[in-house]
Amino acid sequence: MMNIWELYKNSHWVEPFLMGSICLFVGLSAVLYLLIIESRNRKIKQEKLRNDYEQVIVELMYSVVFMDTPFSLVKEDPNYVLFLKNKYFRAVLAESVINLHKNYDGVYALKLEQFYKESELINTSFRKLKSHKWEVKCKGITELAEMNITEAFDTIISISKSKNKTLKITAINAAIKLEGIKGIIHLTGHPYPVDDWTQLNIINAFKKHDIGDVQGVEYLLESKNTTVVALGLKIIKELKLTQKLHHVEQLTQKAPSTLIQYEAQSVLQALTVNLANE
């Protein structure tokens with residue numbers, strides 16, 4: 001202990017310490033600079049690749065969607081075979097197909113969905129559902145829902161029980177898009193409170209996707225979870241489901257709480273006015 005104290009007092013250590021610190025700082029700065037340069041070069045190269053790939057994808061999509069070229073012929077074309085095996089190309093292709101699908105409907109949308117399946121882009125989306133990262137799962141869910149892959153419904157429903165709020169909302173919205181009211185019926189047995197933000201997103205999903213068949217929404221009113229009951233009432237009120245008037249009337253007579261009773265009475269009054277105006 002005394003030797004350390006003596007070494008500290010004689011101050012001979014100061015100069016080598018400072019020199020070492022300066023060298024370490026310069027070394028770390030140089031490494032950081034090289035990493036930044038490498039990252040920048042990688043992004044530039046990736047952006048150039050994306051531009052090149054997008055030109056190929058435009059030709060490919062035009063051929064498949066508008067010229068009715070079957071995918072079996074595309075796979076035999078040597079101009080596309082190497083591209084289709086490239087992981088980054090497939091990522092850009094998937095992004096392009098999904099964005100195109102958002103802008104088309106009818107026959108063109110069906111062709112894009114068929115291509116999505118035949119090119120096995122669907123498998124990549126399904127793999128994302130198994131990711132441990134919630135943001136990757138969200139992306140996979142959104143892709144499958146956009147491409148109307150109903151086979152993913154059960155998996156998406158199981159993911160909707162996640163405690164991560166963003167993941168939960170994304171999964172429920174996707175389930176609504178795929179199967180309408182069936183996408184929320186499972187909430188009747190939901191043990192946890194459905195907060196106002198989640199409820200708002202669910203209602204907006206119904207409006208956005210213009211769900212025509214609402215048969216079964218009344219089951220939410222029978223849930224033991226009062227927040228699910230409140231959600232059912234809000235959906236009935238917002239969508240003006242006058243055909244559910246009888247179920248709301250029954251709820252006012254056997255509401256599980258005073259708050260739900262008041263809310264049911266409010267919805268009943270609104271539905272009665274809507275019915276009178278029809």
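The values are calculated or read from the model by the stated rules, or taken from the named source; none is laboratory data. Because the structure is a prediction, the values reported are computed rather than measured. In this analysis, Cβ positions are derived from the backbone assuming ideal geometry, glycine residues included, and neighbour counts consider all displayed protein chains. Heads up: the accessible areas ignore ligands, DNA and RNA and are worked out on the full protein's heavy atoms, side chains in. Shrake-Rupley method; radii C 1.70, N 1.55, O 1.52, S 1.80 Å.
Structure values in brief
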item	result
Unique residue being without any contact (Cβ under 8 Å) to a residue 24 or more places away in the chain and either surrounded by 14 or more Cβ atoms within 10 Å (Cβ to Cβ) or of a type outside the set (Lys, Arg) (or both) when the list is 258, 226	258
Inter-residue pairs, beta-carbon under 8 Å, first under 22 Å from residue 240 (Cα atoms) and aromatic (Phe, Trp, Tyr) and in region 189-205, second open to solvent by less than 20 Å² (accessible area, probe 1.4 Å) and in a helix (DSSP H, G or I), 6+ apart	197/169
Where residue 196 falls short, out of the listed (1) closer than 19 Å to residue 264 by Cβ; (2) open to solvent by less than 20 Å² (accessible area, probe 1.4 Å)	(2)
Selection within region 160-175 - under 13 Å from the mean Cα position of the chain (by Cα), surrounded by fewer than 23 Cβ atoms within 10 Å (Cβ to Cβ) and not hydroxyl-bearing (Ser, Thr, Tyr)	164, 165, 167, 168, 169
Criterion: among the β-branched types (Val, Ile, Thr) and under 28 Å from residue 92 (Cβ atoms) - qualifying residue of 198, 155, 188	155
Restricting region 93-113 to residues that are of a type outside the set (A, V, I, L, M, F, W, C), closer than 14 Å to residue 143 by Cα and touching a residue at least 24 places away in the same chain (Cβ under 8 Å), the residue that is surrounded by the fewest Cβ atoms within 10 Å (Cβ to Cβ)	102
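Results for (1) in contact with a Ser or Thr (Cβ under 9 Å, 6 or more places away or on another chain); (2) not in a helix (DSSP H, G or I), shown as yes or no for each residue.
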| site | (1), (2) |
| --- | --- |
| 131 | no, yes |
| 139 | yes, no |
| 143 | yes, no |
| 151 | no, no |
| 171 | yes, no |
